[in-house]
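Enquirer: Got a structure for you, questions after.
Just so you know, all these numbers are worked out from the coordinates, no wet-lab data involved. The structure displayed is predicted, hence computed values, not measured ones. Please note: Cβ atoms are built from the backbone with ideal geometry, for glycine as well, and neighbour counts cover all protein chains shown.
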Amino acid sequence: MKRLQHFFSNKPVARVLDVGCGAGDFIKLLDGIFEGKARLTGIDPGEEWLKEARVRFPQEHIDFVRMSGEQLDFEDNTFEVVTLSNALHHLENIEQTFNEMKRVVKPGGWLLINEISDGELNPAQENQRMLHHFKSFVDRLHGITHRPTRTPDEILDIVDQNKLEVVDSFLYLKMKMVNREELFLEDKYRQMESLLEELQGRPEFDQTKDQLPLFRERLASHGFQTAPQLMVIAKPRQ
Ligand SMILES: C[S@@+](CC[C@H](N)C(=O)[O-])C[C@H]1O[C@@H](n2cnc3c(N)ncnc32)[C@H](O)[C@@H]1O
């Protein structure tokens with residue numbers, strides 16, 4: 001992530017907060033960008049995610065706390081950088097979460113919003129979207145907030161509506177190539193299959209079961225690739 005590293009290369013950053021850190025994938029990227037010199041705090045309401053993150057990142061300058069982005073237990077103006085990665089489409093109350101992120105960022109600090117995008121996708125990326133949208137559909141049936149992904153313009157609209165000024169934004173591929181390996185594709189198929197199994201006994205099972213053979217066919221024809229992600233560097237609007 002050279003562009004992000006370059007952006008922060010001449011900016012002193014002592015503390016970073018990652019909202020919705022999950023198992024810490026974005027923490028890993030942040031630690032690389034700040035070269036292990038910034039204190040990183042990941043927060044997430046999911047204790048299972050945090051347990052995994054603490055095992056993956058035992059370093060002293062990284063800590064993980066159970067918390068919701070809607071109510072951050074930090075003083076105003078605490079962090080130079082506050083981030084939200086692939087969590088926007090999981091948030092129940094987007095406005096409240098952004099208000100909290102703006103409250104805890106220092107004056108002159110930055111918000112980073114990284115979000116998987118929808119829109120113009122190749123057939124392999126459409127396969128990732130198909131699996132993701134099915135997962136979000138099943139989560140919603142279980143009462144979990146999980147929205148479909150949004151286009152880059154829709155993401156930028158949300159950033160704007162929440163009174164953030166975009167300093168830079170760019171699309172990038174986390175998975176550079178289409179993956180066609182048999183074992184990898186089989187794993188994706190199994191993920192879809194086990195999601196469908198969760199619907200057994202519900203009317204939604206019959207309504208969606210045709211997606212499984214279709215997904216297998218599509219995987220065989222096009223492979224699988226993660227959709228482009230949009231990185232937005234923003235500042236609270238004055
Ligand atoms: C797809 S994961 C993203 C994990 C990580 N940030 C990454 O980029 O890989 C979405 C995360 O958002 C978290 N989340 C959902 N609602 C949240 C909230 N109100 N505040 C903070 N995190 C939340 C979920 O628990 C989940 O760990």
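Enquirer: With 10 angstrom as the radius, rank 101, 67, 177 by how many other C-beta atoms surround their C-beta, starting from the fewest.
Expert: 177, 67, 101
Enquirer: In whole Å, what three semi-axes, largest first, describe the equivalent ellipsoid of segment 1-116 built from its Cα gyration tensor (square root of 5 times each eigenvalue)?
Expert: Ellipsoid semi-axes (Å, largest first): 19, 17, 13.
Enquirer: Then there's this: If the reach is capped at under 19 angstrom between alpha carbons, list the lysines near residue 209, excluding any in the same chain fewer than eight residues apart.
Expert: Candidates past the 8-residue exclusion: 135, 188.
Enquirer: If you wrap a convex hull around the Cα atoms of the chain, how much volume per residue is inside, in Å³?
Expert: Per-residue hull volume (Cα only) is 133 Å³.
Enquirer: Which residues' amide hydrogens lie under 5 Å from the amide hydrogen of residue 83, considering only partners 5 or more residues apart or on another chain, with H built in the peptide plane?
Expert: Placed amide hydrogens put 17, 18, 19, 112 under 5 Å from residue 83.
Enquirer: Cross-link partners among aspartates and glutamates for residue 174, C-alpha distance below 18 Å, same-chain residues fewer than 8 apart left out?
Expert: Hits, sequence-local ones excluded: 25, 31, 115, 118, 120, 126.
Enquirer: Here's something else I'd like to know. Taking amide H positions as placed in the peptide plane 1.01 Å from N, state which residues far from residue 116 in sequence (5 or more) or on other chains have amide H under 5 Å from it.
Expert: Placed amide hydrogens put 86, 230 under 5 Å from residue 116.
Enquirer: So, one more: Given only helices, namely DSSP H runs of n ≥ 4 each adding -39500 (n - 2.57), what is the per-residue ellipticity at 222 nm of the chain, to the nearest 500 deg cm²/dmol?
Expert: -13000 deg cm²/dmol
Enquirer: In whole Hz, what ³J(HN,Hα) sequence does segment 216-223 give by Karplus (6.51, -1.76, 1.60; θ = phi - 60°), x for Gly and Pro?
Expert: Coupling constants for segment 216-223: 4, 4, 5, 4, 5, 7, 10, x Hz.
Enquirer: So, in Å, what gap is there between the alpha-carbon centers of segment 1-35 and segment 64-85?
Expert: 14 Å
Enquirer: Moving on. Of 68, 24, 99, which is farthest along the charge dipole of segment 1-116 in the positive direction, counting Lys and Arg as +1 and Asp and Glu as -1 at C-beta?
Expert: 24
Enquirer: In terms of modelled amide H atoms, which long-range or inter-chain residues lie less than 5 Å from the amide H of residue 165?
Expert: 235, 237
Enquirer: Lys pairs in segment 1-116, Cα-Cα under 25 Å, at least 8 apart or on separate chains: how many?
Expert: 15
Enquirer: Something else about it: Considering only 138, 219, 5, whose Cα is most displaced toward the positive end of the charge dipole of the chain, charges sitting on Cβ of Lys, Arg (+1) and Asp, Glu (-1)?
Expert: 5
Enquirer: A further question on this structure: Of the candidates 19, 167, 65, which one comes out as most mobile in a Gaussian network treatment of the chain with C-alpha springs shorter than 10 Å?
Expert: Of the options given, 167 has the highest mean-square fluctuation.
Enquirer: To the nearest 20 debye, what is the magnitude of the charge dipole of the chain about its Cα centre, counting +1 on the Cβ of each Lys and Arg and -1 on the Cβ of each Asp and Glu?
Expert: Using only the charged Cβ atoms, the result is roughly 680 debye.
Enquirer: Work out from phi, with θ = phi - 60° and the Karplus expression 6.51 cos²θ - 1.76 cosθ + 1.60, the ³J(HN,Hα) of each residue of segment 194-210, listed in order in whole Hz, and give x for Gly and Pro.
Expert: Karplus values, whole Hz, x for Gly and Pro: 6, 5, 4, 4, 5, 8, 3, x, 10, x, 5, 4, 5, 5, 10, 4, 5.
Enquirer: Using θ = phi - 60° and the Karplus curve 6.51 cos²θ - 1.76 cosθ + 1.60, what whole-Hz ³J(HN,Hα) does each residue of segment 64-72 get, with Gly and Pro shown as x?
Expert: Taking θ as phi minus 60°, the curve returns 10, 10, 7, 6, 9, x, 6, 8, 7 Hz for segment 64-72.
Enquirer: Please work out whether segment 168-238 counts as rounded, prolate or oblate from its C-alpha gyration tensor, where a ≥ b ≥ c are the square roots of the eigenvalues and a/c under 1.5 means rounded, while otherwise a/b larger than b/c means prolate and anything else oblate?
Expert: It comes out oblate by the Cα gyration axes.
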